[in-house]
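Engineer: Next up is a structure, given as structure tokens.
The values are calculated or read from the model by the stated rules, or taken from the named source; none is laboratory data. No experiment lies behind these values; they were computed from the predicted model shown. For neighbour counting, all protein chains shown are included, and Cβ atoms are generated from backbone atoms with ideal geometry for every residue, glycine included.
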Amino acid sequence: MTKLLLIGMGGFVGAVLRYAVGGVVQNLSKSIAFPYGTIVVNAIGCFLIGGLAYLAETRSLFSANTRMFLFIGVLGAFTTFSTFANETLELIRGNNSGFALLNILLHFLLCISAVIVGRYASSLLWR
């Protein structure tokens, strides 16, 4: 039961952060045609999971409960790949295949890069 509560509390935090960060970015972009907020949220989430995973693996910094709270709860709810998939499909359905492909490529390149940079940043900070 404790595990479920930790994951649920983390999920609440992650979902609220996703809504706030994604909304701010989307509003700043002044675009309704392209999901900039989702891309930024996913890149930030990938950066954080990269850095935190590095610390978990190399420093044993987090307990099992903390990892569940952060990785499954907070970051699981913060990153938005289900939203990404739905928005990509909507772009395709709206005959915006170019934007759909751009969305896929940017998510892939930014998020994989963010995990790598997050891991590297953590390795520099925690020498």
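Engineer: When you go through (1) at pLDDT 95 or above; (2) surrounded by 16 or more Cβ atoms within 10 Å (Cβ to Cβ); (3) among the β-branched types (Val, Ile, Thr) one by one for residue 104, which number turns out not to apply?
Structural biologist: (2)
Engineer: May I ask you to say which residue of 83, 2 is surrounded by 13 or more Cβ atoms within 10 Å (Cβ to Cβ) and more than 28 Å from residue 125 (Cβ to Cβ)?
Structural biologist: 83
Engineer: If we keep just the residues of segment 1-31 that are polar (S, T, N, Q) and more than 24 Å from residue 63 (Cα to Cα), which is farthest from the chain's Cα centre (by Cα)?
Structural biologist: Step by step, filter segment 1-31, then rank; the result is 31.
Engineer: Let me ask you something else. For the structure I just gave you, tell me whether residue 7 is surrounded by 22 or more Cβ atoms within 10 Å (Cβ to Cβ) and assigned to a helix (DSSP H, G or I).
Structural biologist: No: the conditions fail for residue 7.
Engineer: Restricting to segment 21-33, give me the number of residues that are surrounded by 12 or more Cβ atoms within 10 Å (Cβ to Cβ) and hydrophobic (A, V, I, L, M, F, W, C).
Structural biologist: Result for segment 21-33: 3.
Engineer: OK, next. Filter segment 10-20 down to residues that are within 14 Å of residue 44 (Cα to Cα) and buried (at least 17 other Cβ atoms within 10 Å of the Cβ), then give me how many there are.
Structural biologist: Selection size over segment 10-20: 3.
Engineer: A further question follows. Within segment 46-58, identify whether any single residue is in contact with a Cys (Cβ under 8 Å, 6 or more places away or on another chain), more than 14 Å from residue 74 (Cβ to Cβ) and of a type in the set (A, V, I, L, M, F, W, C), and answer yes or no.
Structural biologist: no
Engineer: Identify, please: which residue in segment 58-79 is among the small types (Gly, Ala, Ser) and more than 25 Å from residue 21 (Cβ to Cβ) and is, among those, modelled with the lowest pLDDT?
Structural biologist: 60
Engineer: Determine which member of the set 82, 31 is hydroxyl-bearing (Ser, Thr, Tyr), out of contact with any Gly (no Cβ under 7 Å at 6 or more places or on another chain), part of a helix (DSSP H, G or I) and modelled with pLDDT under 95.
Structural biologist: 82
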